[in-house]
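The values are calculated or read from the model by the stated rules, or taken from the named source; none is laboratory data. For clarity, every value in this text was computed on a predicted model and none was experimentally measured. Please note: Cβ atoms are built from the backbone with ideal geometry, for glycine as well, and neighbour counts cover all protein chains shown. Heavy atoms of the whole protein, side chains included, go into the accessibility calculation; ligands, DNA and RNA do not. Shrake-Rupley method; radii C 1.70, N 1.55, O 1.52, S 1.80 Å.
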Amino acid sequence: MVSNKYGPISGINDEDIGVAVQKLPSIPALIASDPDRFVIEIRNLIEERAQSGWPGESDANVAAFVMVPYPRQEKERYQIERVLDLRANLKPVLGKLLFLSNDGTHGCIMPMPTNDADILDWLEIEGFANSPIVLVYRGSLKMVSRTSGATGNARYDQIRETIPEATLDELLGALEHFHIENLLTPSICSKGVWESELAMNYVPGKRPEKAIQYDLRIALRSWFQGVLRVELEDKIPTGRIDVRILRKNQDDRSHSYWAVIELKIMRSKRNAPKGKRASTVSMSKNVSEVVEGLKQVNSFRRDRNAVEGLLEVFDMRKNKGIDVKGEAAVIDQCKIIDKDIAFNVRPLFGTAKDARDAGFP
């Protein structure tokens, strides 16, 4: 029975409330920006086509998608054909340029107006320099997204010809891809991971965990295409879960916990703006953060009865010579936690040269 000091609510019974509470984990948290939502929807569209053998498509290799606020204006400007619900019909997109809404559901389409290699220049000349752009390459099965426009940084995703599965191996593959394509160097990191203009000095942003957490949610949602639901920051009696991953129950209506992910940062320095001295962070402090992360993910996984528990440690230290997994306190903590926790340390570098010197391409 639900307690209410003001008495029962007219027209609502406790059974209804109980059903509603059970459904809360499945309610989406719509925090993704419009450009990020656009990229996710285009990826879903393209991977559905790839997984069906590209039905109805020509031999063309490239498709270009541009997010615009008012697709009708572009239809009238170029006198081109309207399109609607591309995921529900088989309108060919390869060899085409499409101007679409922020959710990718409607807009207009035209033949590619220039050579594939010149499409970014054409878009910039035509006034779309700041519009989110996605380029799809059938031959290499690559999708390249530029959420800040034609002159912005590019992010690469593999177009998968098989539907992703809710397995630990698949999740670890997604996390590795996210690390390499979204975090490895400052040029591909989101704003907030590194302090502006100070990445080469290994000064982190004010809240790098939050910046990584936000991007990770978007990356995993895109990766799993609705097979899993990815949400942030669930407060429970034993603390606050950084990332929770839910999967559908057998009734196909409600969701339950499948995995919990705890994020931790190791750093050489604390945050400080340009012109201020950034104080150093001791190795013992980094070790204590990792130990706490192990305790948290172990507790959270048990509390939520999740199948998988993962600790993702992002190493933002300049000197990465000391392996935190070899520290005595970490070894001792690993001995007393559940053996099914996946524990990874992923390096971030303040310059591309440092990443290359460490053996990353």
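Scanning for something within 30 Å of E197 (Cα to Cα) and either in a loop (DSSP other than H, G, I, E, B) or at pLDDT below 95 (or both), does the range 296-318 turn up at least one residue? Checked the range 296-318: at least one residue is within 30 Å of E197 (Cα to Cα) and either in a loop (DSSP other than H, G, I, E, B) or at pLDDT below 95 (or both).
Taken over the range 154-186, the criterion of being farther than 20 Å from L228 by Cβ and either modelled with pLDDT of 90 or more or hydroxyl-bearing (S, T, Y) (or both) is satisfied by Y156, I180, L183, L184, T185, P186. Of the numbered criteria (1) modelled with pLDDT under 90; (2) surrounded by 11 or more Cβ atoms within 10 Å (Cβ to Cβ); (3) over 21 Å from the mean Cα position of the chain (by Cα); (4) assigned to a loop (DSSP other than H, G, I, E, B), the one I31 fails is (3). When the range 107-123 is filtered for residues that are within 20 Å of F38 (Cβ to Cβ) and either of a type in the set (G, A, S) or touching an Asp or Glu at 6+ places or on another chain (Cβ under 7 Å) (or both), the ones remaining, listed by number, are G107, C108, I109.
Residue check: T151 meets all listed conditions (1) under 19 Å from V39 (Cβ atoms); (2) loosely packed, with under 15 Cβ neighbours inside 10 Å; (3) modelled with pLDDT of 90 or more but one, namely (3).
Taking the stated definitions as given, is S282 touching a Lys or Arg at 6+ places or on another chain (Cβ under 6 Å) and more than 30 Å from V230 (Cα to Cα)? Taking the combined requirement at face value, the residue does not satisfy it.
Would you point out the residue of the range 187-203, among those that are of a type in the set (A, V, I, L, M), modelled with pLDDT of 95 or more and in contact with a helix residue (DSSP H, G or I) (Cβ under 9 Å, 6 or more places away or on another chain), that is surrounded by the fewest Cβ atoms within 10 Å (Cβ to Cβ)? Going through the qualifying residues, I end up with M200. Just so you know, in the range 324-361 the residues that are outside any helix (DSSP H, G or I) and without any contact (Cβ under 8 Å) to a residue 12 or more places away in the chain include one that is farthest from V203 (Cα to Cα), and it is K339.
Table: residues versus (1) in contact (Cβ under 8 Å) with a residue 40 or more places away in the chain; (2) touching a Phe, Trp or Tyr at 6+ places or on another chain (Cβ under 7 Å); (3) β-branched (V, I, T).
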| residue | (1), (2), (3) |
| --- | --- |
| E181 | no, yes, no |
| S190 | no, no, no |
| L198 | yes, no, no |
| R217 | yes, no, no |
| G239 | yes, yes, no |
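Scan the range 186-194 and tell me whether some residue there is touching a Ser or Thr at 6+ places or on another chain (Cβ under 9 Å), assigned to a helix (DSSP H, G or I) and not aliphatic (A, V, I, L, M). No; the residues of the range 186-194 include none that is touching a Ser or Thr at 6+ places or on another chain (Cβ under 9 Å), assigned to a helix (DSSP H, G or I) and not aliphatic (A, V, I, L, M).
The residues of the range 75-107 that are in contact with a strand residue (DSSP E or B) (Cβ under 8 Å, 6 or more places away or on another chain), of a type outside the set (F, W, Y) and open to solvent by 20 Å² or more (accessible area, probe 1.4 Å), listed by number, are K75, I80, E81, R82, L84, D85, K91, G95, K96, N102, T105, H106. Being modelled with pLDDT under 90 and either in a loop (DSSP other than H, G, I, E, B) or farther than 23 Å from F224 by Cα (or both): is that true of P55 here? Here the answer is no, as P55 does not meet what is asked. Pairs meeting the criteria (first residue in the range 247-262 and polar (S, T, N, Q), second residue part of a loop (DSSP other than H, G, I, E, B) and open to solvent by less than 70 Å² (accessible area, probe 1.4 Å), beta carbons under 8 Å, at least 6 apart or on different chains) are S256/N249. For the range 328-360, filtered to residues that are crowded, with 17+ Cβ neighbours inside 10 Å and touching a Leu at 6+ places or on another chain (Cβ under 6 Å), the residue that is nearest to L263 (Cα to Cα) is F343. Total residues in the range 281-305 satisfying the condition of being surrounded by 17 or more Cβ atoms within 10 Å (Cβ to Cβ), touching a residue at least 60 places away in the same chain (Cβ under 8 Å) and more than 18 Å from C334 (Cβ to Cβ): the figure is 1. Here the range 186-243 is the region considered, the condition is being hydroxyl-bearing (S, T, Y) and over 21 Å from R37 (Cβ atoms), and the residue that is nearest to the chain's Cα centre (by Cα) is S187.
Here R43 meets each of (1) in a helix (DSSP H, G or I); (2) touching a Lys or Arg at 6+ places or on another chain (Cβ under 6 Å) with one exception, condition (2).
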